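Colleague: Attaching a single structure in structure tokens format; questions to follow.
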Amino acid sequence: MIYIKSPAQIEKIRLSARLASQTLDYAEENLRPGMTTGELDKLINAFIVSHGAIPATLGYKGFPASSCVSVNEEVVHGIPGPRVIKDGDLVKVDVTTILDGFFGDTCRTFAVGNISAEARTLMETCREAMLLGIQNARAGSKLGDVGHAIQTHAEARGFNVVRDFVGHGVGVEFHELPNVPHYGKPDTGFKLKKNMTITVEPMINQGAYDVRILPDGWTVLTRDGTLSAQFEHTILITDDGAEILSVSS
Ligand code: MF3
Ligand code: CO
Ligand code: CO
């Protein structure tokens, strides 16, 4: 479904997205080398539940955890578990909250300790690319404009945008239409409308954009084993731009 949200719905999505962002702040404060991704997920679960919300991923199509934690060559949908976080790792934490029935979805890449210069550039390029995509989202712009801005920035740095996973409408459901590709051509694709809420969540690989999925059925890896970064915001489409809803205050 594609939904145009009412002002009352937008307020609830805003509160949920804010809590999701605060959850990532809490995860960052508690992220330490030596801990496992499963331990981080337990903290995330407790934070979300103690704020009166539900972690949307827990039980979603059988996903067993309250967050996705994807390390280094893991692109997305990493299942938190026994993997130990080490100094130098790039750790992507993706949290989706359900607060009062409404969804907020956000992801950040965290650098643990000292990461390589190339890893730092990858991470910064991904964040910049997401923000450039968001700057191209407004009522009347097209998703090809959003994707093109992201793709152009990533490729200018010699990186590549994952094709197999895309952003999405969000708020009333976890994954709504439209799909939001992070690549594309200007003035093509779906035309955005006022009061839509969508995610922009580019996954950018150091190497080729191809991915593979582990036998666990979830964890997505770069096919060539190179690093990947991701950032995600939930945004509200307005007449003159997009408002980022997944902010902490
Ligand atoms: N939060 C992810 C997204 O941005 C979806 C995770 S679904 C899960 O759309 F099942 F893998 F947790
Ligand atoms: Co999402
Ligand atoms: Co997400």
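Colleague: Specify the residue that is nearest to ligand 1 (Cβ to nearest atom); the eligible residues are those in the range 7-53 that are aliphatic (A, V, I, L, M) and more than 25 Å from Pro82 (Cβ to Cβ).
Modeller: Applying the filter and picking the extreme gives Ala20.
Colleague: Any residue in the range 89-112 that's closer than 15 Å to Phe174 by Cβ: show its pairings with residues that are part of a strand (DSSP E or B) and among the aliphatic types (A, V, I, L, M) at Cβ separation under 6 Å, as long as the two are six or more apart or on different chains.
Modeller: From residues that are closer than 15 Å to Phe174 by Cβ, the pairs are Ile98/Ile54.
Colleague: Working only within the range 1-14, note down all residues that are out of contact with any Pro (no Cβ under 8 Å at 6 or more places or on another chain) and outside any helix (DSSP H, G or I).
Modeller: Correct list: Met1, Tyr3, Ile4, Lys5, Ser6.
Colleague: Okay, moving on. Which of the following residues is in contact with a helix residue (DSSP H, G or I) (Cβ under 6 Å, 6 or more places away or on another chain), buried (at least 16 other Cβ atoms within 10 Å of the Cβ) and not polar (S, T, N, Q): Val170, Val162, Val200?
Modeller: The conditions single out Val200.
Colleague: Could I ask something else about it? If you take the residues in the range 1-29 that are in contact (Cβ under 8 Å) with a residue 40 or more places away in the chain and of a type in the set (D, E, K, R), which one is farthest from Cys107 (Cα to Cα)?
Modeller: Among residues in the range 1-29 that are in contact (Cβ under 8 Å) with a residue 40 or more places away in the chain and of a type in the set (D, E, K, R), the one farthest from Cys107 (Cα to Cα) is Lys5.
Colleague: Being surrounded by fewer than 21 Cβ atoms within 10 Å (Cβ to Cβ), within 19 Å of Val76 (Cα to Cα), out of contact with any Gly (no Cβ under 7 Å at 6 or more places or on another chain) and not basic (Lys, Arg) is true for just one of Leu214, Leu122, Leu132. Which residue is that?
Modeller: From the options Leu214, Leu122, Leu132, the qualifying one is Leu214.
Colleague: Please specify each residue of the range 173-183 satisfying the condition of being free of Cβ contacts under 8 Å to residues at least 60 places away in the same chain and either more than 14 Å from the chain's Cα centre (by Cα) or surrounded by 21 or more Cβ atoms within 10 Å (Cβ to Cβ) (or both).
Modeller: Scanning the range 173-183 gives Val180, Pro181, His182, Tyr183.
Colleague: Name the single residue, out of those in the range 188-197 being of a type outside the set (A, V, I, L, M, F, W, C) and either touching a residue at least 60 places away in the same chain (Cβ under 8 Å) or surrounded by 16 or more Cβ atoms within 10 Å (Cβ to Cβ) (or both), that is farthest from ligand 1 (Cβ to nearest atom).
Modeller: Restricting to residues being of a type outside the set (A, V, I, L, M, F, W, C) and either touching a residue at least 60 places away in the same chain (Cβ under 8 Å) or surrounded by 16 or more Cβ atoms within 10 Å (Cβ to Cβ) (or both), the top hit is Lys194.
Colleague: Moving to a separate point now. List the strands (runs of 3 or more DSSP E) inside the range 118-233, counting only whole elements, that have at least 2 residues being under 27 Å from Tyr60 (Cβ atoms), more than 16 Å from ligand 2 (Cβ to nearest atom) and in contact with a strand residue (DSSP E or B) (Cβ under 8 Å, 6 or more places away or on another chain).
Modeller: Where strands (runs of 3 or more DSSP E) fall fully within the range 118-233 and carry at least 2 residues being under 27 Å from Tyr60 (Cβ atoms), more than 16 Å from ligand 2 (Cβ to nearest atom) and in contact with a strand residue (DSSP E or B) (Cβ under 8 Å, 6 or more places away or on another chain), they are 211-213, 220-222.
Colleague: If you don't mind, there's one more thing I want to ask. Is there a residue being touching a Cys at 6+ places or on another chain (Cβ under 9 Å) and within 16 Å of ligand 1 (Cβ to nearest atom) anywhere in the range 81-91?
Modeller: No, the range 81-91 contains no residue that is touching a Cys at 6+ places or on another chain (Cβ under 9 Å) and within 16 Å of ligand 1 (Cβ to nearest atom).
Colleague: OK, next. Counting just the residues of the range 105-144 that are within 19 Å of Arg157 (Cα to Cα) and among the charged types (D, E, K, R), which one comes out farthest from ligand 1 (Cβ to nearest atom)?
Modeller: Only one residue tops the list, namely Glu118.
Colleague: Read through the list (1) within 16 Å of ligand 1 (Cβ to nearest atom); (2) over 14 Å from Gln22 (Cβ atoms), then give the number of the only condition that Gly101 fails.
Modeller: Gly101 satisfies all of (1) within 16 Å of ligand 1 (Cβ to nearest atom); (2) over 14 Å from Gln22 (Cβ atoms) except (1).
Colleague: Given Leu58, Leu43, which one is under 12 Å from Thr96 (Cβ atoms), surrounded by fewer than 20 Cβ atoms within 10 Å (Cβ to Cβ) and touching a residue at least 12 places away in the same chain (Cβ under 8 Å)?
Modeller: Going through Leu58, Leu43 in turn, the sole match is Leu58.
Quick note: the coordinates plus some simple rules give every number you see, no bench work behind them. Quantities reported herein were computed from a predicted structural model and do not represent experimental measurements. Note that each Cβ is placed from the backbone with ideal geometry, even for glycine, and that neighbours are counted across all protein chains shown.
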